[in-house]
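The values are calculated or read from the model by the stated rules, or taken from the named source; none is laboratory data. What you see is a predicted model, and the numbers here were worked out from it, not measured in a lab. As a convention, Cβ positions derive from the backbone with ideal geometry for all residues, glycine included, and neighbour counts pool all protein chains shown. When the accessible area is computed, the model is the full protein with side chains, heavy atoms only, and any ligands, DNA or RNA have been set aside. Shrake-Rupley method; radii C 1.70, N 1.55, O 1.52, S 1.80 Å.
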Amino acid sequence: MSDAPDAPEGIVHRRSPLSVEETVSRLGAAIETAGAKIFTVVDHSGEAAAAGLKLRDTKLIIFGSPTAGTPVMDAAPTAALDLPLKILVWRDERGATWMTYLSPAWLAERHGVPEALRGPLSAVEALTARISSV
């Protein structure tokens, strides 16, 4: 995407046409509909404000499915460093909302996840695609 922020290797940015709050809400609904569990949403900007600091609207959704993730971590124990999956939802300086996550292919290569177990890692692609096409 031409207007996407620069990203280090393994990081993917996908634009959301919605606000940060609405993006988080719709991702949450999509995650639950897909049968996964939201473990937590970290409100980085809210916590910054509570500490008297200023941070652009920034929230991190941490989610997964034990039935999908456990076999991955069993086969590639270091994958637990990057699982459960995460989607960072944030607003840039122009007011655009972004969904940022680790590339499923990069994540699989990083931890040597066997090809047969890579499918669950691509959940971030499907979920963010739903939001970007709203």
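Collect the residues in segment 107-122 that are of a type in the set (A, V, I, L, M, F, W, C), touching a residue at least 12 places away in the same chain (Cβ under 8 Å) and either closer than 14 Å to residue 64 by Cα or open to solvent by 70 Å² or more (accessible area, probe 1.4 Å) (or both), keeping them in residue-number order. Lay out the reasoning, then the answer.
Initial filter on segment 107-122 (of a type in the set (A, V, I, L, M, F, W, C)): 107-108, 113, 116-117, 121.
Now restrict to residues that are touching a residue at least 12 places away in the same chain (Cβ under 8 Å): 107-108, 113, 117, 121.
Answer for segment 107-122, where residues must be of a type in the set (A, V, I, L, M, F, W, C), touching a residue at least 12 places away in the same chain (Cβ under 8 Å) and either closer than 14 Å to residue 64 by Cα or open to solvent by 70 Å² or more (accessible area, probe 1.4 Å) (or both): just 121.
State all residues of segment 36-88 that are of a type in the set (Asp, Glu), open to solvent by less than 60 Å² (accessible area, probe 1.4 Å) and either at pLDDT below 95 or over 19 Å from residue 112 (Cα atoms) (or both); if no residue qualifies, say none. Spell out how you get there, then give the answer.
The first filter runs over segment 36-88 and keeps only residues of a type in the set (Asp, Glu), leaving 43, 47, 57, 74, 82.
Keeping just the survivors that are open to solvent by less than 60 Å² (accessible area, probe 1.4 Å) gives 43, 57, 82.
Those that are of a type in the set (Asp, Glu), open to solvent by less than 60 Å² (accessible area, probe 1.4 Å) and either at pLDDT below 95 or over 19 Å from residue 112 (Cα atoms) (or both): 43, 57.
Right, residue 33: of a type in the set (Val, Ile, Thr) and surrounded by 16 or more Cβ atoms within 10 Å (Cβ to Cβ) or not? No. If you check 100, 67 for being among the polar types (S, T, N, Q) and closer than 20 Å to residue 21 by Cβ, only one passes: 100.
In summary, helices (runs of 4 or more DSSP H) completely within segment 1-116 and bearing 2 or more residues that are farther than 20 Å from residue 132 by Cα, charged (D, E, K, R) and over 16 Å from the mean Cα position of the chain (by Cα) occur at 104-111. Would you check if residue 129 is surrounded by 13 or more Cβ atoms within 10 Å (Cβ to Cβ) and of a type in the set (A, V, I, L, M)? No.
Exactly one residue among 28, 10 is out of contact with any Pro (no Cβ under 6 Å at 6 or more places or on another chain), of a type outside the set (Asp, Glu) and either touching a residue at least 40 places away in the same chain (Cβ under 8 Å) or over 17 Å from residue 124 (Cβ atoms) (or both), and that residue is 10.
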